[in-house]
Amino acid sequence: MMKAIRIHEFGGPEVLLIDEIQIPQPEKDEVLIRVHATSVNPVDWKIRAGLRKEKFPSKLPLTLGWDVSGVIEETGEKVSNFKKGDEVYGRPDPTKNGAYAEYIVVKANLLSIKPISIGHTEAAAVPLAGLTAWQGLFDHGLLKEGQKVLIHAAAGGVGTYAVQFAKSKGAYVIGTASDQNIEFLKKLGADEVIDYHMENFETKLNDIDLVLDMIGGDTQLKSIDVLKPGGRLITTLAPEFVNEAKAKNVHLSSYVAQSIPAQLEKIAQLIDAGKVKPIIDQVLPFTDAKKAHMSSEQGHTRGKIVLQVI
């Protein structure tokens, strides 16, 4: 038997329950992972609250948590790229049971060997946010060396990776954040940081090649004005201002991060080379998932909240 944090109904943090359930068995193309750590992403509480039923249809009761770092305990008979004892990390399928548990089964083709220079606690903070930042900047944003990128919510889970990845690519990096994060983001590699409480980024900036938007609403609308003609506005939320973007000759699109192990390998290489580091706001025991969700929902964490299982 194992402990897992599950929801039996949609609702507030109080629906997160600690259950004793059977350890899952891997299918032919899956591995069983002894979870060392997982982390909290906004999608966790959005699914918990019932706000993502169409995008990620899942059966209740559901174990949350779509980041994992741990050790392979068992492999399905068709798995050849991993063996028992391998230390792996990745983003499990968000429609299936997640990693707020002592064990999880994951398809082997969603995983990568974890960065060797950091422990599981830090590695668990990487996959979902790291893949989201990577794909937003490079796959959808087409960011190149020497270009100017504006990253909104730069001190958040995705933002802290986006700043570091964009810098490692040789881009000129501008972030928006609150004043207590300005120095922190400059140390992380941002060339400019705009305090959104004190300054309007849309009057200060122009000729930007790419905007990465994790906020939406008014911020997305104002971002259209700072882009150069032909510039790109990539959002993790809904593309709300398609007509306004067209009128300004700006490309606006949204995306959902995919699990791509080759990208996790590249991210691990950057971490092991000392060019990128996971930023962790707090580490809690995984049985404190309610507290972690309440903290995440306030939207002011610097980096990630990690749930420690071992």
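The HN-Hα couplings worked out from phi for region 184-200 by the Karplus form 6.51 cos²θ - 1.76 cosθ + 1.60 (θ = phi - 60°) are 4, 6, 5, 5, 6, x, 5, 7, 9, 10, 10, 6, 5, 6, 9, 10, 9 Hz, whole numbers, x standing for Gly and Pro.
Cβ-to-Cβ counts within 10 Å put 46, 84 in ascending order as 84, 46, the fewest first. Give the Debye-formula value of log10 I(q)/I(0) at each listed q (0.11, 0.14 Å⁻¹), with one equal scatterer per alpha carbon of region 129-254, two decimals each. At q = 0.11, 0.14 Å⁻¹ the computed log10 ratios are -0.30, -0.49. Taking Lys and Arg as +1 and Asp and Glu as -1, the other residues whose beta-carbon sits under 15 Å from that of residue 160 total +3.
Label-to-label distance for residue 20 and residue 255 is 4.5 nm, based on points extended 7 Å past Cα in the beta-carbon direction. Across the alpha-carbon set of region 149-197, the Rg to Rh ratio works out to 0.91, Rh being the Kirkwood radius. Put a dot 7 Å past the Cα of residue 55, heading toward its Cβ, do the same for residue 95, and the two dots end up 1.5 nm apart. Reducing region 278-310 and region 164-186 to their Cα centroids gives an inter-centroid distance of 22 Å. Summarising the label geometry, the points placed 7 Å from Cα in the beta-carbon direction at residue 83 and residue 113 lie 1.2 nm from one another. Residues of region 1-26 with the amide nitrogen closer than 17 Å to a label point 7 Å from the Cα of residue 294, along Cα-to-Cβ, please. Hits in region 1-26 for residue 294 at 17 Å: 11-18. Taking the Cα atoms only, what angle lies between the long axis of helix 157-169 and the longest principal axis of the chain, rounded to 10 degrees? Approximately 60 degrees, to the nearest 10.
When you count the other C-beta atoms within 10 angstrom of each residue and take the mean per peptide, 50-59, 70-79 line up highest first as 70-79, 50-59.
Were the residues from residue 244 through residue 142 laid out at 0.36 nm apart, the gain over their Cα-Cα distance would be 34.6 nm.
Excluding residue 79 itself, what net charge comes from residues whose Cβ is under 15 Å from its Cβ, given Lys and Arg +1 and Asp and Glu -1? Net charge in that neighbourhood comes out at -2. For the chain, DSSP calls about 55 percent of its internal beta bridges antiparallel. Taken one residue at a time, the phi angles of region 124-139 give Karplus couplings (6.51, -1.76, 1.60, θ = phi - 60°) of 5, 7, 8, x, 5, 5, x, 5, 4, 5, 4, 5, x, 6, 9, 6 Hz. Gly and Pro are set to x.
Toward the positive end of the charge dipole of the chain, with +1 on the Cβ of Lys and Arg and -1 on the Cβ of Asp and Glu, the farthest Cα among 160, 47, 170 is that of 170. Springs between Cα atoms under 10 Å define the GNM used for the chain, and in it the highest mean-square fluctuation of 185, 131, 17 occurs at 17. The GNM of the chain, with springs linking C-alpha atoms under 10 angstrom apart, assigns the highest mean-square fluctuation among 160, 219, 203 to 203. R0 = 30 Å: FRET efficiency of residue 237 with residue 34, Cβ-based, nearest 0.05? Computed FRET efficiency for residue 237 and residue 34 comes out at 0.30. When the chain is treated as a Gaussian network with alpha carbon springs shorter than 10 Å, the biggest mean-square fluctuation among 209, 191, 139 belongs to 139. Each Lys or Arg adds one and each Asp or Glu takes one away; over the other residues whose Cβ falls under 11 Å from the Cβ of residue 35, this sums to -1. Rg over Rh for the chain works out to 0.98, using Cα positions for both radii and the Kirkwood form for Rh. For the residue pairs 107/167; 148/187; 3/107, alpha carbon separations beyond 28 Å are given by 107/167. Can you tell me how region 210-307 classifies by the Cα gyration tensor, rounded, prolate or oblate, using a/c under 1.5 as the rounded cut? Oblate shape, in that a/c is at least 1.5 and b/c is the bigger or equal ratio.
Taken together, the values in this text are just the output of simple stated rules run on the coordinates, not laboratory data. Model, not experiment: these values are computed from the prediction. With ideal geometry, Cβ positions are generated from the backbone for all residues, glycine too; neighbour counts draw on all protein chains shown.
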